[in-house]
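So the structure is just underneath, and the comments pick up after that.
Read the figures in this text as sums done on the coordinates, not as results from a lab. Keep in mind that this is a model prediction, so the values were computed, not measured. Cβ placement follows ideal geometry from the backbone for every residue including glycine, while neighbour counts extend to all protein chains displayed.
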Amino acid sequence: MSYRVIDPMTGAEYRSYPDATDAEVDQALATSAKYFEEQPTTRYERAQHLLKFAQIFDDEADKFAEEAAHNMGKLFKEGQGESHAAANITRYYANHGEAFLTPKPYVYGPNDAHAQLEYAPTGIIMSVEPWNFPYTQVIRVLAPNYLAGNPVILKHASSVAGCAALIQDAARKAGMPVGAFQNLCLTHDQVARVIADPRVQGLAVTGSEPVGRQLAGLAGQNLTKSTLELGGSDACLILDDADMDNAIKESAISRLRNSGQTCTSAKRFIVRREVADEFVAGLKRIFTAQVVGDPMDPKTTLAPLASKRGQEKLAQQVDNAVQHGATAIVAGGPTGEATGFMPTLLGDIAPDNPASQEEFFGPVAQLYVVDSDDEAVKIANATPFGLAGAVFSADEDRAHRVASRMATGQVFINKGSTGIPELPFGGVKNSGYGREMSDLGIMEFMNAKIVVYPK
Ligand code: NAP
């Protein structure tokens with residue numbers, strides 16, 4: 001294996017990097033361990049580095065966007081947006097990290113004796129990240145842990161190795177010491193070896209369910225704490241009193257952004273019968289108007305999928321769904337040019353259709369028409385996933401009541417779900433465990449240590 005970046009538009013190799021050698025892995029672990037033991041910088045100094053790091057993502061957004069376009073096909077404009085989003089997450093932890101880690105007083109016993117909860121870093125964090133948001137996924141783990149004093153070793157998806165190299169360059173320019181953050185082209189066996197190293201105290205995985213399962217298993221065997229941000233098949237519930245223009249617009253944006261390759265995309269639209277025709281007509285209008293093409297071309301509205309493999313898998317899932325009785329209400333599919341895929345809307349999906357249980361990682365939506373809010377919630381919860389979801393209704397109390405019954409880590413009301421630095425992000429069930437972003441994100445790999453006074 002070597003890290004080969006294939007440009008989805010041309011199908012040609014864009015960059016390649018050799019795998020790390022075992023000696024390089026050993027050296028990297030030793031450097032990170034030394035950094036951890038010595039803690040050469042204060043939190044204040046690290047916050048200053050993070051602010052510089054953020055500024056680089058803002059100043060050089062075009063460079064980051066172009067690299068993402070050639071690594072995984074992201075629209076140039078979306079790549080610029082992702083670069084600014086990476087800056088925002090970084091700045092958030094630079095500005096708030098210290099406050100989140102402020103020791104917390106406790107009292108105990110009949111005489112209210114004193115104790116204090118302190119947050120100490122624990123050790124090296126192995127971060128395994130996916131290609132779909134090649135900057136923000138890394139920053140969600142790196143920024144809080146850098147501020148907290150945990151060194152991070154990154155194994156990025158091999159297909160976005162060019163993006164990973166840019167992140168490392170930016171970290172160095174911002175003054176982050178080598179031991180604090182290292183990007184390594186690790187083989188899968190080397191990832192297992194790093195997880196098993198006792199100096200590694202945390203594993204953060206974002207990726208697919210099978211990979212999460214496998215890596216969390218390795219972490220478990222080594223008693224290493226893990227967080228898992230895995231796949232989703234998010235439900236978007238459109239109730240009969242929803243503002244339909246908003247519901248249609250937000251639904252389409254949610255399903256199509258990043259060419260549908262987003263963990264928290266709305267993937268299953270569960271719509272009250274009273275408004276189903278209007279919803280389908282609106283979604284169809286937007287789906288069929290998409291212009292698939294070069295991500296660097298401003299006329300393109302829907303970029304190609306990140307890989308030929310992803311395109312083939314998605315087409316296969318659609319075929320399989322139809323063979324099991326689904327109807328293609330909007331029949332999109334592979335465009336014939338590069339890895340393009342026109343949006344598709346599937347209906348008539350019976351509970352025993354495998355499609356009802358799978359994640360479709362691309363611009364394919366599912367429609368379920370329901371006669372009550374109870375039925376909507378039942379279908380929403382009838383998947384192994386539990387990442388995010390959305391509810392559209394003119395009555396926010398009603399929407400909230402429905403949201404409370406959804407088995408997911410996040411529910412958005414009258415807007416599509418997305419990641420926001422101030423808000424916890426993560427899932428339940430097979431979508432994983434643990435939280436990124438917000439105050440919760442910085443706590444995941446801290447030692448919450450209680451220091452107890454005798455009185
Ligand atoms: P993936 O195939 O699971 O890969 C994720 C990462 O794991 C990559 O770095 C990959 O590296 C690595 N990996 C794969 N097999 C491994 C092994 N045996 N040992 C060590 N590392 C291994 O997922 P993906 O296709 O990149 O990403 C798409 C998935 O991520 C979707 O399911 C999506 O929903 C999910 N996702 C979830 C979130 C969230 O926050 N919940 C966010 C974004 C994406 P290689 O490239 O070397 O295989």
**Complete:** Heads up, the stretch 295-428 by the C-alpha gyration tensor (a ≥ b ≥ c square roots of eigenvalues; a/c under 1.5 rounded, else a/b over b/c prolate, else oblate) looks oblate
**Fill in**
Scalar couplings 3J(HN,Hα) for the stretch 125-140 by Karplus 6.51 cos²θ - 1.76 cosθ + 1.60 (θ = phi - 60°), nearest whole Hz, x for Gly and Pro, are 10, 8, 10, 10, 10, x, 8, 6, 10, x, 9, 5, 4, 6, 5, 4
**Under 14 Å, Cβ to Cβ, from Ala174 - net charge with Lys/Arg +1 and Asp/Glu -1** = 0
**Request:** Mind checking which of Gln410, Ser372, Leu237 is farthest towards the positive end of the stretch 234-418's charge dipole, using Cβ charges of +1 (Lys, Arg) and -1 (Asp, Glu) about the Cα centre?
**Result:** Gln410
**Message:** Can you give me the long-range amide H partners of Thr335? Hydrogens built in the peptide plane at 1.01 Å from N, cutoff under 5 Å, separation of 5 or more residues or another chain.
**Reply:** Gly340, Phe341, Met342
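Please report Met437, Met126 as a ranked list, fewest other C-beta atoms within 10 angstrom at the top and most at the bottom. The partial results should precede the final answer.
Values: Met437 23, Met126 28.
If I rank by nearby Cβ atoms, fewest first, I get Met437, Met126.
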**Request:** List the residues of the stretch 256-272 whose backbone N lies under 14 Å from a point placed 7 Å from the Cα of Arg398 along the Cα-to-Cβ direction.
**Result:** 271-272
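From the square roots a ≥ b ≥ c of the eigenvalues of the alpha-carbon gyration tensor of the stretch 56-138, which class results: rounded (a/c under 1.5), prolate (a/b over b/c), or oblate?
Details: a/c = 4.61, a/b = 2.95, b/c = 1.56.
The shape class here is prolate.
Set the Förster distance to 56 Å, then compute FRET efficiency between Ala289 and Glu24 from the Cβ-Cβ distance, nearest 0.05. Write out the running numbers ahead of the final one.
Numbers: r = 49 Å, r/R0 = 0.87.
Computed FRET efficiency for Ala289 and Glu24 comes out at 0.70.
Give me His114, His70 sorted ascending by neighbouring Cβ count inside 10 Å, so fewest comes first.
On the way: His114 15, His70 23.
Ascending number of Cβ neighbours within 10 Å: His114, His70.
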**Complete:** With +1 on the Cβ of every Lys and Arg and -1 on the Cβ of every Asp and Glu, the dipole magnitude of the stretch 234-418 about its Cα centre, in debye rounded to the nearest 20, is 560 debye
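Please compute the net charge surrounding Ala321, taking Lys and Arg as +1 and Asp and Glu as -1 over other residues with Cβ under 10 Å from its Cβ. The partial results should precede the final answer.
On the way: positive: none; negative: Asp319, Asp348, Glu358.
For residues surrounding Ala321, the net value is -3.
Given the pairs Lys249/Lys378; Lys249/Lys284; Lys378/Lys429, which span a C-alpha to C-alpha distance of over 20 angstrom in this model? Don't jump to the answer; show the numbers that get you there.
Working: Lys249/Lys378 25 Å; Lys249/Lys284 11 Å; Lys378/Lys429 16 Å.
Check vs 20 Å cut-off fails for Lys249/Lys378.
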**Complete:** Most exposed to least, judged by fewest other Cβ atoms within 10 Å, Ser2, Ser393 sort to Ser2, Ser393
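Starting from the Cα gyration tensor of the stretch 160-315, take the square roots of the eigenvalues, sort them a ≥ b ≥ c, and report rounded, prolate or oblate (rounded when a/c is under 1.5, otherwise prolate if a/b is larger than b/c, else oblate).
Details: a/c = 2.64, a/b = 1.81, b/c = 1.46.
It is prolate, given that a/c is not under 1.5 and a/b is the larger ratio.
Taking every DSSP beta bridge with both residues inside the chain, roughly what % is antiparallel (nearest 5)? The partial results should precede the final answer.
On the way: 26 of 63 bridges.
Rounded to the nearest five, the antiparallel share is 40 percent.
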